[in-house]
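Colleague: I have a structure here, written as structure tokens, and I will follow up with some questions on it.
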């Protein structure tokens, strides 16, 4: 069975999960524990970042490389068009989304963690000790901002990212206003990438992610609750309803709540 080494809240992990579900492939989610688990992941794949896909003896890292591998190995229900124009548009949008929605989304998400202390604790794993939750929730916003500045996620960077994301969402709404998908009349890698990477802007309102129930349907204030972007988020949620398998949909070892990391 396919094994996906992942973080549950990772945008790029969700991009791959959505592609796997769209293709109807069974897979086992293996949650990588930050720190120790990433060292073990490096031994397996040569990198510490998720997602990593294990298919028998084949190890594939990076969400785009995983998508291309799945398209080549499992061509049923294709995600890359054969028409040259549609193929070019799909791959271009996929690359743009990786660099735009994903990176800007992370900055805005960090800004929300900074501003809303309760939000920080709500996204921690369910088995996180209460003392850790207390420490994380008690970090002053000023200190969080200092940390953010050090990694390019300071206040001004967050504001610029939010401004750019609003422009991106407006553009996506215009594209989707009178068509079912971004490029063709069926989903392509462009749709699955954009939809998957958008989870931290607004979490899907359904049982798709192993997150606290109070987070479902919620997201970044000013983006998730802005009616100007309803076309996009309604489109995203319809795509999820049609193609994303909810938790517990299939066998106990596939597409369900993640297990702990186990490196062979």
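The values are calculated or read from the model by the stated rules, or taken from the named source; none is laboratory data. Only a predicted model underlies this, so the values are computations on that prediction, with no experimental measurement involved. In this analysis, Cβ positions are derived from the backbone assuming ideal geometry, glycine residues included, and neighbour counts consider all displayed protein chains.
Colleague: Looking at 193, 188, 259, can you tell me which residue is at pLDDT below 95 and either over 25 Å from residue 96 (Cα atoms) or touching a helix residue (DSSP H, G or I) at 6+ places or on another chain (Cβ under 7 Å) (or both)?
Modeller: Numbers: 193 fails: at pLDDT below 95; 188 fails: at pLDDT below 95.
Step by step, each of 193, 188, 259 is checked, and only 259 is at pLDDT below 95 and either over 25 Å from residue 96 (Cα atoms) or touching a helix residue (DSSP H, G or I) at 6+ places or on another chain (Cβ under 7 Å) (or both).
Colleague: Could you please find all residues in region 72-90 being surrounded by fewer than 19 Cβ atoms within 10 Å (Cβ to Cβ), assigned to a helix (DSSP H, G or I) and touching a residue at least 60 places away in the same chain (Cβ under 8 Å)?
Modeller: Taking region 72-90 and keeping what is surrounded by fewer than 19 Cβ atoms within 10 Å (Cβ to Cβ), we get 72-78, 80, 82-89.
In the following step, the residues that additionally are assigned to a helix (DSSP H, G or I) were identified as 72-73, 84-89.
Within region 72-90, 86, 89 meet the criteria.
Colleague: Can you give me the number of residues within region 195-214 that are touching a residue at least 40 places away in the same chain (Cβ under 8 Å), under 19 Å from residue 161 (Cβ atoms) and outside any loop (DSSP other than H, G, I, E, B)? Lay out the reasoning, then the answer.
Modeller: First, pick out the residues of region 195-214 that are touching a residue at least 40 places away in the same chain (Cβ under 8 Å): 195-201, 204, 206-207, 209-212, 214.
When the remaining residues are screened for being under 19 Å from residue 161 (Cβ atoms), the result is 196-201.
Pick out the ones that are also outside any loop (DSSP other than H, G, I, E, B) and you get 196-200.
Of the residues in region 195-214, 5 are touching a residue at least 40 places away in the same chain (Cβ under 8 Å), under 19 Å from residue 161 (Cβ atoms) and outside any loop (DSSP other than H, G, I, E, B).
Colleague: Further question on the same structure: Out of 175, 199, 135, 146, I need the residue that is at pLDDT 95 or above and over 30 Å from residue 248 (Cα atoms). Which one?
Modeller: Working: 199 fails: over 30 Å from residue 248 (Cα atoms); 135 fails: at pLDDT 95 or above; 146 fails: at pLDDT 95 or above.
Only one candidate qualifies: 175.
Colleague: Which fully enclosed strands (runs of 3 or more DSSP E) of region 10-63 have 2 or more residues being touching a helix residue (DSSP H, G or I) at 6+ places or on another chain (Cβ under 7 Å)? Give the derivation first.
Modeller: Values: elements: 27-31, 52-55, 58-61.
Hits in region 10-63: 52-55, 58-61.
Colleague: From the set of residues in region 10-47 that are under 26 Å from residue 93 (Cα atoms) and at pLDDT below 95, which is surrounded by the most Cβ atoms within 10 Å (Cβ to Cβ)?
Modeller: Taking the candidates together, the pick is 10.
Colleague: Now for a separate question. For region 215-235, indicate whether the set of residues that are in a helix (DSSP H, G or I), surrounded by 14 or more Cβ atoms within 10 Å (Cβ to Cβ), modelled with pLDDT under 90 and out of contact with any strand residue (DSSP E or B) (no Cβ under 6 Å at 6 or more places or on another chain) is non-empty.
Modeller: In the first step, residues of region 215-235 are kept if they are in a helix (DSSP H, G or I); the result is 215, 227-235.
Still in the list and also surrounded by 14 or more Cβ atoms within 10 Å (Cβ to Cβ): 215, 229, 231-233, 235.
Going one step further and asking which of them are modelled with pLDDT under 90, we end up with 215.
After this cut, where a residue has to be out of contact with any strand residue (DSSP E or B) (no Cβ under 6 Å at 6 or more places or on another chain) as well, the list is 215.
Yes, region 215-235 contains a residue that is in a helix (DSSP H, G or I), surrounded by 14 or more Cβ atoms within 10 Å (Cβ to Cβ), modelled with pLDDT under 90 and out of contact with any strand residue (DSSP E or B) (no Cβ under 6 Å at 6 or more places or on another chain).
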